[in-house]
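Take a look at the structure set out below.
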Amino acid sequence: MLCCLNPACHNPPNPDGTMFCSNCGTGLVVLRNRYRPIKSLGGGGFGKTYLAEDIDKLNEHCVIKQFAPQVQGTGTLNKATELFEQEAKRLQQLGKHPQIPTLLAYFEQDNRLYLVQEFIDGQNLLAELQQQGTFNEQKVRELLLDLLEILKTVHQHKVIHRDIKPENIIRRSDGKLVLIDFGASKQLTATVMTQVGTTIGSFGYAPQY
């Protein structure tokens with residue numbers, strides 16, 4: 001199967017050998033003749049995420065992040081582009097940690113930026129909470145101890161994540177936690193204060209000033 005990469009499309013699966021999307025008519029592509037998108041995983045204000053197969057690695061699963069921002073104004077677009085590139089740099093910098101996804105590729109194709117990263121096979125903590133209900137004290141303690149070990153490495157590299165929430169924490173099949181989505185991360189400098197009125201992170205989880 002092959003998934004359409006048109007960000008305005010609902011990305012239906014198309015049978016192998018199909019040239020154009022059955023929904024929007026956009027030409028179907030395999031990125032860099034290597035990364036084959038097979039399923040849309042969702043999206044946000046800056047673009048979409050797709051499950052893909054790496055043809056050069058026996059169709060091993062990976063994740064494609066497509067930069068397709070829904071913003072207006074040159075300044076806002078430039079900032080969004082900068083954040084997308086920074087996410088790739090953070091993954092390259094931190095992805096050697098076994099609980100942070102590895103960056104596989106970062107490139108431009110057909111006038112769009114793409115980031116390809118390791119696929120984490122597991123369930124995020126929001127889904128786990130919805131299925132199991134409130135965690136008991138022992139499980140919360142285990143979760144925090146595991147997560148704090150990841151954050152120790154992140155902070156040693158002078159990076160702050162800025163969007164830690166249940167959806168961005170995946171419990172891998174071996175039970176270990178993986179921290180994902182470094183799209184809002186920032187390199188720590190002498191000051192990390194943002195401009196008044198700037199919102200970073202997700203409502204309900206981001207610190208309030």
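Taking the listed residues Leu126, Leu143, the one that is farther than 16 Å from Gln92 by Cα and within 18 Å of the chain's Cα centre (by Cα) is Leu126, with no other qualifying.
Within segment 104-129, the set of residues being without any contact (Cβ under 8 Å) to a residue 40 or more places away in the chain and polar (S, T, N, Q) comprises Asn111 only. Residues that are more than 30 Å from Thr153 (Cα to Cα), over 19 Å from the mean Cα position of the chain (by Cα) and surrounded by fewer than 17 Cβ atoms within 10 Å (Cβ to Cβ) occur in segment 33-46; there is at least one. Look at segment 69-83: where a residue is exposed (fewer than 13 other Cβ atoms within 10 Å of the Cβ) and a partner is part of a loop (DSSP other than H, G, I, E, B), sitting 6+ places away or on another chain with Cβ atoms under 6 Å, you get Gln70/Gly45; Leu77/Val71.
Could you say whether any residue in segment 102-117 is of a type in the set (D, E, K, R), in a helix (DSSP H, G or I) and surrounded by 13 or more Cβ atoms within 10 Å (Cβ to Cβ)? Scanning segment 102-117, I find no residue that is of a type in the set (D, E, K, R), in a helix (DSSP H, G or I) and surrounded by 13 or more Cβ atoms within 10 Å (Cβ to Cβ), so the answer is no.
Taken as a whole, the condition of being modelled with pLDDT of 90 or more, in contact with an Asp or Glu (Cβ under 8 Å, 6 or more places away or on another chain) and part of a loop (DSSP other than H, G, I, E, B) applies to Val29. Checking each residue in segment 10-22 for being assigned to a loop (DSSP other than H, G, I, E, B) and surrounded by fewer than 17 Cβ atoms within 10 Å (Cβ to Cβ) picks out His10, Pro12, Pro15, Asp16, Gly17, Thr18, Met19, Ser22.
For segment 22-58, a residue qualifies if it is farther than 14 Å from Leu104 by Cα and either without any contact (Cβ under 8 Å) to a residue 12 or more places away in the chain or outside the structural domain of Gln109 (by TED's automatic domain parsing) (or both), and the qualifying residues are Ser22, Gly25, Gly27, Gly42, Gly44, Leu58.
Somewhere in segment 76-85, is a residue out of contact with any Lys or Arg (no Cβ under 9 Å at 6 or more places or on another chain), more than 26 Å from Lys158 (Cβ to Cβ) and assigned by TED's automatic domain parsing to the domain that holds Val30? Yes, the conditions are met somewhere in segment 76-85. Tell me, yes or no, whether segment 88-98 has at least one residue that is assigned by TED's automatic domain parsing to the domain that holds Asn6, farther than 21 Å from Val178 by Cβ and part of a helix (DSSP H, G or I). No, segment 88-98 contains no residue that is assigned by TED's automatic domain parsing to the domain that holds Asn6, farther than 21 Å from Val178 by Cβ and part of a helix (DSSP H, G or I).
Rundown of residues vs (1) in contact with a strand residue (DSSP E or B) (Cβ under 9 Å, 6 or more places away or on another chain); (2) buried (at least 17 other Cβ atoms within 10 Å of the Cβ); (3) modelled with pLDDT of 90 or more; (4) among the β-branched types (Val, Ile, Thr), yes/no style:
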| residue | (1), (2), (3), (4) |
| --- | --- |
| Gly122 | yes, yes, yes, no |
| Gln138 | no, no, yes, no |
| Asp163 | no, yes, no, no |
| Arg172 | yes, no, yes, no |
| Leu188 | yes, no, no, no |
| Val196 | no, no, no, yes |
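Screening the candidates Leu143, Leu126 for the property of being exposed (fewer than 14 other Cβ atoms within 10 Å of the Cβ), in a helix (DSSP H, G or I) and of a type in the set (A, V, I, L, M) yields one hit, Leu126.
The values are calculated or read from the model by the stated rules, or taken from the named source; none is laboratory data. What you see is a predicted model; the values in this text were computed from it and never measured. For neighbour counting, all protein chains shown are included, and Cβ atoms are generated from backbone atoms with ideal geometry for every residue, glycine included.
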